[in-house]
1. Between Ser138 and Lys110, what's the calculated FRET efficiency when r is the beta-carbon distance and R0 is 25 Å? Round to 0.05.
2. Say each of Thr44 and Ser96 gets a label point 7 Å from the Cα, pointing the same way as Cα to Cβ; how far apart are those two points in nm?
3. Give me the percent of the accessible area of the stretch 114-157 that comes from carbon and sulfur atoms, probe 1.4 Å, all protein chains in place.
4. Would you please give the FRET efficiency between Val59 and Thr124, computed as 1/(1 + (r/R0)^6) with r the Cβ-Cβ distance and R0 = 22 Å, to the nearest 0.05?
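The values are calculated or read from the model by the stated rules, or taken from the named source; none is laboratory data. All values derive from a computational prediction rather than experimental measurement. Here the Cβ positions follow ideal geometry from the backbone for every residue, glycine too, while neighbour counts run over all protein chains shown. Keep in mind that these areas ignore ligands, DNA and RNA; they rest on the heavy atoms of the full protein, side chains included. Shrake-Rupley method; radii C 1.70, N 1.55, O 1.52, S 1.80 Å.
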Amino acid sequence: MIIYIRSKIKNMIKKYLSFSLVAILAILFIGSSVSFGQTMPKVTASLSKKKYNPGESGVITIKFKPGEGVKIPKDPPIEVTLTGDGVTGTGVQDYSGAPGGDYFDNPMIKYNFTVSSDAESGSTISSSVKVKFHYCSSESGLCKEGTKTLTVKIKIK
């Protein structure tokens with residue numbers, strides 16, 4: 001009888017410890033996913049004008065829409081690469097003076113480009129815009145790197 005009771009107690013302790021371990025792991029997983037699991041912001045690109053003349057310069061506005069609890073830092077710098085026949089990227093406009101201290105208040109940058117002087121009138125240049133940036137959790141400060149590739153269609157007058 002005593003052996004039977006000891007066996008039952010051991011089984012209850014094993015079940016209790018197993019349940020406790022699972023509960024602790026679940027709490028840790030949920031907590032870590034909140035602090036480390038920020039989702040990558042949505043990124044969009046738009047042109048400053050509807051049509052461009054051959055040889056004309058323009059601006060691509062790149063906007064970030066971070067989720068709740070996510071911020072876009074100014075440093076390390078955001079990198080933009082523009083590829084496509086008939087268009088040349090000339091660089092990101094300086095955003096160091098934008099409001100928000102180390103992070104953007106309104107996460108948006110502008111990228112300059114120039115249409116080739118021999119671009120064919122009436123054509124459309126399809127260009128790829130690759131944006132490499134970082135995004136950080138407001139709560140933990142942990143940052144991740146993100147890359148997004150977008151397409152812009154540049155119409156030639």
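1. Numbers: r = 25 Å, r/R0 = 1.00.
Calculated transfer efficiency: 0.50.
2. According to this spin-label approximation, the distance is 3.0 nm.
3. Details: 1000 of 2370 Å².
Roughly 42 percent of what the probe reaches on the stretch 114-157 is carbon or sulfur.
4. Working: r = 18 Å, r/R0 = 0.81.
With a Förster radius of 22 Å, E is 0.80.
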